[in-house]
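Asks: Just dropping this structure here.
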Amino acid sequence: MGIVNVTPDSFSDGGLFTSPRAALAQARKLVADGACIVDVGAESTRPGHTPISAEEEWERLRPLLATLVAQAGAPVSIDTYKAETARRALRTGVAVVNDVWGLHRDPAMASVVAEAGGAVVIMHNRDTVDAGVDIVSDMLGFFERSLDLARRAGIPARHILLDPGVGFGKSREQNYQALRAIPQLLLFGCPLLIGVSRKTIFRDLPDGLIEGRLVGTLAANVFAASLGARVFRVHDALEHRTAFAVMAAMKPR
């Protein structure tokens, strides 16, 4: 899943792809580099971000979303937790709603996804970081509630992916615990999506600036893949394509 942020303030690529031409060029590059899905976001959800209204979010998406759907060369996902934004995006042909609040924040989200026949990424999140919380138990309870919301709305199980939410409402150690818990999360029977790309959990590594976090991202995603995760939300599609090809070649035949 290649990332295209059409935001002015995302932590890694804010302001780079806000024009329709730049967003389409980046989407096409990601697909050429190996991405199978393009994930478009118009509101930064980094720690300390400034929330925006659904209208402002849509004004950023409206000039480019239909073009991306038609010309990106891969299915398009919309990164939003607002049901109205999701509804409009799904009407343009978007295939997936990537909800960083896992159907919990906007009570209309589950029904919007179900009515459109879309797929959904249900991500674990917390309002605050509490290092004393058993984060694995918290994730398990959160996903049970999310999956119940999805079932009651009529979202088929085959349309659901789960995301442990690395970097969202977790301490550094809890982020690592979330990744180590992949085998437990797979027991829900849904594919797992991992989103660790260029995140601050890698900032203390040598050369831990934004571009230097690629090595940590690759290591974490290869580890997650070895535990059974299957979808990876990344800024650097070609590098991941190469790493996963090496991983596949090393498996016993």
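Asks: Pull up the cross-link candidates among the aspartates and glutamates for Lys170, meaning alpha carbon to alpha carbon under 14 Å and not fewer than 8 places away within one chain.
Replies: Partners within reach: Asp127, Asp130, Asp134, Asp138.
Asks: Using per-residue counts of other Cβ atoms within 10 Å, averaged over each peptide, order 77-83, 231-237 from highest down.
Replies: 77-83, 231-237
Asks: For a distance above 32 Å, tell me the whole-number percent of Cα pairs in the chain that qualify.
Replies: 15
Asks: Pop out the carbon and sulfur fraction of the accessible area of the chain as a percent, whole number, probe 1.4 Å.
Replies: Carbon and sulfur atoms account for 56 percent of the accessible area of the chain.
Asks: Starting with the highest mean, order 132-144, 108-120, 239-251 by the number of other Cβ atoms within 10 Å, averaged over the residues of each peptide.
Replies: Put in order of decreasing packing, that is 108-120, 132-144, 239-251.
Asks: Suppose all protein chains stay in the model; what accessible area per residue would a 1.4 Å probe give for the stretch 74-250, in Å²?
Replies: Ligands and nucleic acids excluded, the result is 43 Å² per residue.
Asks: For the chain, with the dipole built from +1 on Lys and Arg beta-carbon atoms and -1 on Asp and Glu ones, taken about the Cα centre, which of Ala249, Leu65, Pro164 lies farthest toward the positive end?
Replies: The one lying farthest along the dipole's positive direction is Ala249.
Asks: Once you charge only the Cβ atoms, +1 for Lys and Arg and -1 for Asp and Glu, what is the size of the charge dipole of the stretch 74-250 about its Cα centre, to the nearest 20 debye?
Replies: Roughly 380 debye for the stretch 74-250.
Asks: At 10 °C and 1.306 mPa s, what whole-number value in µm²/s does Stokes-Einstein give for the translational diffusion of the stretch 64-118, with Rh from the Kirkwood sum over Cα pairs?
Replies: Result for D is 143 µm²/s.
Asks: With viscosity set to 1.567 mPa s and temperature to 4 °C, compute the Stokes-Einstein D of the stretch 158-253, Rh being the Kirkwood radius across alpha carbon pairs; µm²/s, no decimals.
Replies: Translational D for this selection: 93 µm²/s.
The values are calculated or read from the model by the stated rules, or taken from the named source; none is laboratory data. Please read these numbers as outputs of a predicted model, since none were measured by experiment. Note that we place each Cβ from the backbone using ideal geometry, even for glycine, and neighbour counts take in every protein chain shown. In case anyone asks, the SASA skips ligands and DNA or RNA and just uses the protein heavy atoms, side chains included. Shrake-Rupley method; radii C 1.70, N 1.55, O 1.52, S 1.80 Å.
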